[in-house]
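Single-structure report; data block below.
The values are calculated or read from the model by the stated rules, or taken from the named source; none is laboratory data. This one's a predicted model, so the numbers in the text were calculated from it and none came from an experiment. Note: ideal-geometry Cβ built from the backbone for every residue, glycine included; neighbour counts use all protein chains shown.
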Amino acid sequence: MNNIHCVCTTPDMYPHYRGQWDNFKDSGRDFTFVSDNTKDESFNVGFTFNEEDLKRNMNFNTEPSKINYWNCIGNRNIAWFYAHLRMLNFYISNPNYDYYWFFDDDIRMDNWSKFFDGVDKDDSDFLAYFCFKNKGVLSQPNIHTTDSRMFSNDQWFYRFPGHGAVMPNEVTEYFGSFFPTTRFSNRALKQLLIDNENQFHAYHEGFVPTMLNYHGMKLNTIIQPDNTSLLFDVNEVNIYHKNVKITWEWL
């Protein structure tokens with residue numbers, strides 16, 4: 001497969017985490033940083049963009065609602081609240097890959113080879129560290145519903161879609177995800193670009209899997225609710241986010 005592997009970073013975070021990606025750059029896989037230089041225009045690492053680029057290139061003029069749960073303090077910009085926009089912005093300039101991986105810069109793995117040996121066998125259109133769905137949703141039978149073991153339990157879908165969300169009226173099945181490790185098929189990003197052109201938007205971790213399911217695409221989860229994986233042996237592949245192993249109970 002012709003895949004690209006993107007690490008999303010910012011000027012303030014890049015110095016802290018760039019070292020842990022050195023081994024990945026030597027793996028032979030197509031790799032780039034996707035850098036938000038809104039706070040420092042001189043930051044020029046990999047594929048760069050700023051918030052104005054997202055607004056212009058995506059024709060996106062909606063600010064995150066200040067009463068939405070994920071922006072309750074009111075300080076989130078569109079690059080954070082609608083993180084899929086930075087992915088679509090990259091896709092516009094790089095439209096010819098089969099799959100697009102996006103990692104937060106604070107993701108670390110101790111065995112990249114075994115990780116990709118497993119996940120590269122998966123053909124889903126959207127693959128996330130965790131993907132889950134609301135109770136009563138029948139689509140995507142491989143995706144588990146929220147449960148009481150999760151820290152947020154049913155509260156996740158009381159918060160999503162949330163204030164300010166705009167989605168088709170026909171959308172009734174809601175999905176959520178954990179975004180620091182995600183993979184999109186080419187056709188998934190192409191469809192999300194169309195959805196953006198139609199001015200649909202919502203908090204990214206729910207919007208992306210919900211809309212892709214609505215369009216009949218295949219979703220999958222890297223980690224299962226029991227904190228194992230169907231794609232690799234979690235005893236051989238440890239995934240850390242901010243140096244912590246994120247479990248189902250944390251969600």
- Task: Give the residue that is nearest to P209 (Cα to Cα), with candidates limited to residues of region 140-159 that are without any contact (Cβ under 8 Å) to a residue 60 or more places away in the chain, in a loop (DSSP other than H, G, I, E, B) and not hydroxyl-bearing (S, T, Y).
- Result: P141
- Item | Residue that is modelled with the lowest pLDDT [pool: residues in region 109-127 that are surrounded by fewer than 17 Cβ atoms within 10 Å (Cβ to Cβ) and part of a loop (DSSP other than H, G, I, E, B)] | D110
- Filter region 227-251 for residues that are out of contact with any helix residue (DSSP H, G or I) (no Cβ under 8 Å at 6 or more places or on another chain), of a type in the set (A, V, I, L, M, F, W, C) and touching a residue at least 60 places away in the same chain (Cβ under 8 Å); which is surrounded by the fewest Cβ atoms within 10 Å (Cβ to Cβ)? W250
- Among residues of region 11-32 being without any contact (Cβ under 8 Å) to a residue 40 or more places away in the chain and surrounded by 15 or more Cβ atoms within 10 Å (Cβ to Cβ), the residue farthest from S113 (Cα to Cα) is P11
- Qualifying residues in region 177-200 (those that are surrounded by 20 or more Cβ atoms within 10 Å (Cβ to Cβ) and without any contact (Cβ under 8 Å) to a residue 60 or more places away in the chain) - the one nearest to T247 (Cα to Cα): S177
